[in-house]
Amino acid sequence: MTRTHFAPPGPLGFGGAPLGNMFDVVSDETAEAALVAAWETGVRHFDTAPHYGNGLSEHRFGNVLRRYPREEFTLSTKVGRVLRADPSVTANGPFVSTLPFRGDYDYTYDGTMRSIEDSYQRLGLAQIDVVYIHDLAADHHGPAWEELFDVAMNGAAKALIRLRDEGVIKGWGMGVNLTEPCERALERSDPDVFLLAGRYSLLNQPALARLFPMCAERGVHVVVGGPYNSGLLAGGKTFEYQEAPPEMIAKRDRLAAVCARFGVDLRSAALQFCTAHPVVAAIIPGAKHPDKVRDNARLMTAEIPDMLWQELRAEGLIPPEASVLEARI
């Protein structure tokens, strides 16, 4: 019998990277308003990480979420970096005007336990529901990721399994931008849920062929990050946090043209496509402003005719085996 692992509530969650000042500075007031708007639109799953602004996102999440009943929402954060005070730090990759800490990679057992304790302090909350092993993939570590994966399986994974089995957390998994670490975790350990960014979207679906069937067989869930592919599907110019290549812009434009023929907002199709697959528990688009949060909630409930999905399949824009939502009429 397939074990059913813990799944965060969905379909719409809130991704915390933008509130770590990703690309642009977000004021404390705007960050608070965005989180409050998420709550008011019914979001009950919130995801953050130490890496997002070197602790800034976690601080902001805690400042708002502490005002709500703890049993009414699910919170996830990540391990894999330990933050250490460093007054010289003012930025961190895409995160600008960060807190004065540097993140040192650490996938060991002890590093994982310290990271979680530090997250409790930054959040000001005594319960974290899901913990992901963060960025343990080739896009961050190159070929060395495989050796680090061994470290994590003997360190971080064992720590998280212990915490899950003791009831301290409800689940754990990988929080990555590539499918391979998730597949390998399923082969070597007992994860509950993955946070996978940019690998199942209206633009590309590399998770569909192997990872999603493996998850279905094991009763493991997926939270989809980056449903807009870092902005390209929402009217932006970036794909996977870089300038979008011409072929992806062309595909986006073809998707948009089909949506326009049916009077559907491309953003609605992008969000609702991600939620349709049975292994997907939730999606977590990031938003810096409360208006964008409310937009996402509206887009998630917009009617999409079945004929739109049929047309996208007919034009080869989505795979024939991809799940879609049936119109609610």
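Among rounded, prolate and oblate, which fits segment 7-165 when a ≥ b ≥ c are the square roots of the eigenvalues of its C-alpha gyration tensor, a/c under 1.5 means rounded, and a/b larger than b/c means prolate? Taking the square roots of the gyration eigenvalues as a ≥ b ≥ c, segment 7-165 is oblate. Reducing segment 286-307 and segment 107-165 to their Cα centroids gives an inter-centroid distance of 32 Å. Phi-derived couplings, Karplus 6.51 cos²θ - 1.76 cosθ + 1.60 at θ = phi - 60°, listed residue by residue for segment 100-107: x, 9, 10, x, 9, 4, 7, 9 Hz, with x used for Gly and Pro.
The listed residues 110, 104, once ranked by accessible area (1.4 Å probe) with the largest placed first, stand as 110, 104.
When the chain is described by a simple charge dipole with +1 on each Lys and Arg Cβ and -1 on each Asp and Glu Cβ, the residue from 161, 90, 325 located farthest towards its positive end is 325.
Checked against a 23 Å cut-off, the cross-linked pairs 251/288; 78/170; 237/288; 170/292; 78/288 give Cα-Cα distances beyond that limit for 251/288; 170/292. When both bridge partners sit in the chain, DSSP labels roughly 25% of those beta bridges antiparallel.
Segment 138-223 has equivalent-ellipsoid semi-axes of 21, 17, 11 Å, by the square roots of 5 times the alpha carbon gyration tensor eigenvalues, sorted largest first. When the alpha carbon gyration tensor of segment 29-82 is reduced to an equivalent ellipsoid, its three semi-axes come out at 19, 13, 9 angstrom, largest first. For residue 318, the solvent-accessible surface with a 1.4 Å probe is about 10 Å², rounded to the nearest 10. Within the accessible surface of segment 10-96, defined with a 1.4 Å probe on protein heavy atoms only, the carbon and sulfur portion equals 52 percent.
What does the charge count near residue 227 come to, summing +1 for each Lys or Arg and -1 for each Asp or Glu among other residues with Cβ under 14 Å from its Cβ?
For residues surrounding residue 227, the net value is 0.
Each residue of segment 251-265 is assigned a 3J(HN,Hα), and the resulting list reads 5, 4, 5, 5, 4, 5, 5, 5, 4, 4, 4, 9, x, 10, 5 Hz, derived from the Karplus form 6.51 cos²θ - 1.76 cosθ + 1.60 (θ = phi - 60°), x at Gly and Pro. The smallest convex shape that holds all Cα atoms of segment 134-290, its convex hull, gives 132 Å³ per residue.
The dipole here belongs to the chain: it is taken about the Cα centre, uses +1 on the Cβ of Lys and Arg and -1 on the Cβ of Asp and Glu, and is about 400 debye. Compared with the dominant Cα axis of the chain, that is its longest principal axis, helix 290-301 is turned about 50°. Computed over protein heavy atoms with a 1.4 angstrom probe, the accessible surface ordering of 200, 109, largest first, is 109, 200. Carbon and sulfur: what percent of segment 221-298's accessible surface (1.4 Å probe)? It is 54 percent, rounded to a whole number. When +1 charges are put on Lys and Arg Cβ atoms and -1 charges on Asp and Glu Cβ atoms, the dipole computed for segment 226-329 relative to its Cα centre reaches about 300 debye.
Dimensions of segment 206-308 from C-alpha coordinates, computed as largest minus smallest value along each principal axis and given longest first, are 37, 32, 30 Å. If R0 equals 30 Å, the separation of the Cβ atoms of residue 302 and residue 187 corresponds to a calculated FRET efficiency of about 0.20.
For segment 193-260, count the residues as N, evaluate 2.2 N^0.38 Å, and divide the Cα radius of gyration by that value, please.
Relative to the 2.2 N^0.38 Å estimate, segment 193-260 comes out at 1.22.
Two numbers describe the Cα atoms of segment 154-203: Rg and Dmax, which are 12.0, 40 Å. A simple rule links phi to the HN-Hα coupling: the Karplus curve 6.51 cos²θ - 1.76 cosθ + 1.60 with θ = phi - 60°, which for segment 306-322 gives 4, 4, 4, 5, 4, 5, 4, 5, 4, 8, x, 8, 9, x, x, 8, 5 Hz, with x for Gly and Pro.
Given the rule -39500 (n - 2.57) for each run of at least 4 DSSP H residues, summed and divided by the residues of the chain, what is its mean residue ellipticity at 222 nm, to the nearest 500 deg cm²/dmol?
About -11500 deg cm²/dmol.
Can you bin the chain into rounded, prolate or oblate? Criterion: square roots of the alpha carbon gyration tensor eigenvalues sorted a ≥ b ≥ c, rounded for a/c under 1.5, prolate for a/b above b/c, oblate for the rest. Judged from the Cα gyration tensor, the chain comes out prolate (a/c at least 1.5, a/b above b/c). For segment 1-96, what class follows from the C-alpha gyration tensor (a ≥ b ≥ c being the square roots of its eigenvalues): rounded when a/c is under 1.5, otherwise prolate if a/b is larger than b/c, else oblate? Judged from the Cα gyration tensor, segment 1-96 comes out oblate (a/c at least 1.5, b/c at or above a/b).
The values are calculated or read from the model by the stated rules, or taken from the named source; none is laboratory data. Since the structure is predicted, the reported quantities are computational estimates derived from the model, not experimental observations. Note that we place each Cβ from the backbone using ideal geometry, even for glycine, and neighbour counts take in every protein chain shown. In case anyone asks, the SASA skips ligands and DNA or RNA and just uses the protein heavy atoms, side chains included. Shrake-Rupley method; radii C 1.70, N 1.55, O 1.52, S 1.80 Å.
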